[in-house]
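Q: Would you mind keeping the following structure in view while I ask a few things?
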Amino acid sequence: MAEVDLAIIGSGSGNSLVTSELDDKQIAIIDHGIFGGTCLNVGCIPTKMFVYAAEVANTIRGASKYGIDATLDNVRWTDIRDRIFNRIDPISEAGLEYRRSGEPNTTAYVGTAEFVGPKQLRITSPEGAVDLKAEQIVIAAGSRPYIPEVITAAGVRYETSDTVMRIPELPESMIIYGGGFIGAEFAHVFSALGVDVRIITRGDALLRGEDEEISHAFTILAREQWTVELGATVRAARSGHTRANGEHSSDGVTLICEDGREVSAEMLLVATGRIPNGDRMNLEAAGIENEDGRVITDEYGRTNVEGIWALGDATNDLQLKHVANQEARAVAHNLVETFNGGSDLRKFDHRFVPAAVFTHPQIASVGLTETAAREAGYDVATHTQKYGDVAYGWAMEDTTGLVKAVGDRATGKLLGVHFMGPDASSLIQPAIQALSFDLPVAEMTRGQYWIHPALAEVLENALLGLGFNEE
């Protein structure tokens, strides 16, 4: 049995745990799939590269309102796809090779890891099985798409966020099953590239995790862009679909809802969320506490078993790369402390976790929603500012963008900010900073310059609208 000082299961954010402070330790990095994790290969990076292409397509289509005549002559799907993966795949391959031969203290294993004891792993690959013993183990095994049983039982063909970006050609039509951020982003991408998109979700709105006002406004706009079936619980699925011209085709998929509605398309994308991979790791053999495969940790990333840590999607409901990265920084520090016999451990910081949805229009949020703030007992003040009411939003001819600020009258502090509109993911950053450093709203608005007529004035005006500067 091979022995190492540290075994890391997962090559996403787990890969960053290998720091110079551990140069004297023997480290194993294990991954069952493409090296580099979800973000690099099937998540954040490729999806946003597709999103940017979609934004270019939409800009061309909408150019006439600015007095510019332009036409979108063609969408070359294979060129769009290959531009992205011809850049990403070499990074993944180089990362694996570096861990194999670039550093003398690291060994890379490509295979599926499972526990066979508290500090023992078995790594299984097509070449066979290898047993490994480690003093410290970090579970950073990520997550995978959740596929409802109604789909698997029907045996219909489907894509997921892990596969749909590599399809050989664009379909004529696509069902997106799910009304969350994955579905919203891919609806934007594929519709902008010319696909007839049909979203189906059991909820009464899209992006229900957002502030209610944002979710409601986005759902209205979504229904203007795509076919959206709300309150639709899927009870069955079958192969075959009806084409736009009314002809029936044996390919494609039809989803049947409990209320009798049927939605069909040439391709089905299942976007019903992601689940942690812990359920595939035989955690019980090591006595690791988990909830349906989600590893339970304390605020330092420690599991209930000494010497075993976890981070990222494998342990956290906040399935965001920046969360996994923050946790990885904490665990990296804690590993060094542990190896050196220290006790100055660093905590995870989940206080003000921002999120963005790169759909159309873009969504971004941080802090409490209005409903959550009221339920928490705050003396809530809110103000919603339209993009079109500030100079640059007016120049953009924007009629749908808005930002909602949520504050506490008792303290004059910010509680949350919620964006819907162009560049939302960037414009929200000052609000993240204000929450993180406990900056009063009055100080934030009048204690610094806001560039005029930059689009950031929409946030400034939303904060001023809370009325805290007059108090």
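Q: Could you give each residue of the stretch 268-284 its phi-based ³J(HN,Hα) in whole Hz, using Karplus coefficients 6.51, -1.76, 1.60 with θ = phi - 60°, and x for Gly or Pro?
A: 10, 10, 8, 10, 9, x, 10, 10, x, 8, x, 5, 9, 10, 6, 4, 4
Q: What percent does the relative contact order of the chain come to when contacts are Cα pairs within less than 8 Å and at least six residues apart?
A: Once normalised by length, the contact order is 13 percent.
Q: Any chance you could check the Cα centroid distance between the stretch 89-161 and the stretch 419-471 for me, in angstrom?
A: Using only Cα atoms, the two centres lie 43 Å from each other.
Q: Of all accessible surface on the chain at a 1.4 Å probe, what whole percent is carbon and sulfur? Please report the intermediate quantities before stating the final value.
A: Details: 10340 of 21850 Å².
Result for the chain: 47 percent of the exposed heavy-atom area is carbon or sulfur.
Q: Which of the peptides 129-141, 113-125 is most tightly packed, and how do the rest follow, going by the mean number of other Cβ atoms within 10 Å of each residue?
A: Values: 129-141: 22.4, 113-125: 18.6.
Packing proxy ranking, top to bottom: 129-141, 113-125.
Q: Let me ask something else. Quick one: which residues, 5+ away or cross-chain, put their amide H under 5 Å from the amide H of residue 29? H built at 1.01 Å from N.
A: 8, 107, 108, 109
Q: For the stretch 1-85, compute Rh as the Kirkwood radius over C-alpha pairs and then the Stokes-Einstein diffusion coefficient at 37 °C and 0.692 mPa s; write the answer in µm²/s, rounded to an integer. Show your work: numbers first, answer last.
A: On the way: Rh = 16.5 Å.
Reported coefficient: 199 µm²/s.
Q: Further question: Points 7 angstrom from Cα along the Cβ direction at residue 20 and residue 202: gap in nanometres?
A: Result: 5.2 nm between the two label points.
Q: Step through the residues of the stretch 444-452 one at a time and calculate ³J(HN,Hα) from phi using the Karplus curve (6.51 cos²θ - 1.76 cosθ + 1.60, θ = phi - 60°), rounding each to whole Hz and writing x for Gly and Pro.
A: 5, 7, 10, x, 8, 7, 10, 5, 10
Q: So, one more: For a quick check: with amide H placed at 1.01 Å from N, whose amide H comes under 5 Å from residue 304's, ignoring anything fewer than 5 positions away on the same chain?
A: Here 289 satisfy the definition.
Q: How large, in Å, is the stretch 174-278 by the Kirkwood hydrodynamic radius built from its alpha-carbon pairs?
A: Details: mean 1/r = 0.0708 Å⁻¹.
Kirkwood hydrodynamic radius for the stretch 174-278: 14.1 Å.
Q: Beta carbons within 10 angstrom, averaged per residue: use that to sort the peptides 83-96, 306-319, highest first.
A: Values: 83-96: 15.2, 306-319: 22.8.
Result, highest mean first: 306-319, 83-96.
Q: Return one whole number: the accessible area per residue of the chain in Å², for a 1.4 Å probe. Intermediate values should be presented prior to the final figure.
A: Working: 21850 Å² over 471 residues.
Averaged over the residues of the chain, the accessible area is 46 Å².
Q: For each cysteine in the chain, check whether another cysteine's C-beta sits under 4.7 Å from its C-beta; list those where none does.
A: Cysteines lacking a close Cβ partner in the chain: 257.
Q: Further question on the same structure: Return a whole-number percent for the relative contact order of the stretch 3-58, with Cα pairs under 8 Å and 6 or more residues apart as the contact set. All intermediate terms of the calculation are to be shown ahead of the outcome.
A: Details: 49 pairs, mean separation 19.7, N = 56.
In percent, rounded to a whole number, it is 35.
Q: I need the phi-derived Karplus couplings for the stretch 399-406: 6.51 cos²θ - 1.76 cosθ + 1.60, θ = phi - 60°, integer Hz, Gly and Pro marked x.
A: Coupling constants for the stretch 399-406: 10, 10, x, 7, 9, 10, 9, 10 Hz.
Q: For the stretch 283-302 and the stretch 319-358, write down the distance between their C-alpha centroids in whole Å.
A: Here the two parts' Cα centres lie 16 Å apart.
Q: I would also like to ask the following. In whole Å, largest first, what are the principal axis extents of the Cα atoms in the chain?
A: Principal-axis extents of the chain (Cα, largest first): 69, 65, 42 Å.
Q: Here's another thing I want to ask about it. Sort 393-401, 16-24, 340-348 by the packing proxy (mean of other Cβ within 10 Å over each peptide's residues), most packed first. Don't jump to the answer; show the numbers that get you there.
A: Working: 393-401: 16.2, 16-24: 14.7, 340-348: 12.2.
Going from most to least packed, we get 393-401, 16-24, 340-348.
Q: Sticking with this structure for a sec: Considering only DSSP beta bridges with both partners in the chain, what is the antiparallel share in %, to the nearest 5?
A: Details: 51 of 83 bridges.
Approximately 60 percent, going by the DSSP bridge assignments.
Q: Given the alpha-carbon gyration tensor of the stretch 342-407, what are the semi-axes of its equivalent ellipsoid in whole angstrom, ordered largest first, with each equal to the square root of 5 times an eigenvalue?
A: Details: eigenvalues 199, 67, 20 Å².
Ellipsoid semi-axes (Å, largest first): 32, 18, 10.
Q: Note down the relative contact order for the stretch 271-403 as a percent, whole number, built from C-alpha pairs under 8 angstrom at least six residues apart. Before the final figure, lay out the partial values.
A: Details: 153 pairs, mean separation 16.4, N = 133.
Relative contact order for the stretch 271-403 comes out at 12 percent.
Q: Thinking of the stretch 370-471 as a set of Cα atoms, what percent of all their pairs are more than 20 Å apart?
A: Working: 1703 of 5151 pairs.
Summing the P(r) tail past 20 Å for the stretch 370-471 gives 33 percent.
Q: Within the stretch 426-441, whose backbone N sits under 16 Å from a point 7 Å along Cα→Cβ of residue 383?
A: Under cut-off, by backbone N: 431, 440-441.
Q: First select every other residue whose beta carbon is under 12 angstrom from the beta carbon of residue 214; then total the charges, Lys and Arg +1, Asp and Glu -1. The partial results should precede the final answer.
A: Working: positive: 208, 404; negative: 210, 211, 212, 213, 370.
Overall, the nearby charge balance is -3.
Q: Here is a further query. So, in Å, what gap is there between the alpha-carbon centers of the stretch 188-240 and the stretch 360-384?
A: After rounding, the separation between the Cα centres reads 23 Å.
Q: Can you list residues from other chains, or at least 5 along the same chain, whose modelled amide H is less than 5 Å from the amide H of residue 103?
A: none
Q: How much net charge surrounds residue 345 when only other residues with a Cβ under 11 Å from its Cβ are counted (Lys, Arg +1; Asp, Glu -1)?
A: Values: positive: 302, 346, 347; negative: 298, 299, 337, 344.
Summing Lys and Arg as +1 and Asp and Glu as -1 gives -1.
The values are calculated or read from the model by the stated rules, or taken from the named source; none is laboratory data. Bear in mind the structure is a predicted one, so any value in this text is a computation, not a measurement. Note that we place each Cβ from the backbone using ideal geometry, even for glycine, and neighbour counts take in every protein chain shown. With ligands, DNA and RNA removed, areas are computed over all heavy atoms of the protein, side chains included. Shrake-Rupley method; radii C 1.70, N 1.55, O 1.52, S 1.80 Å.
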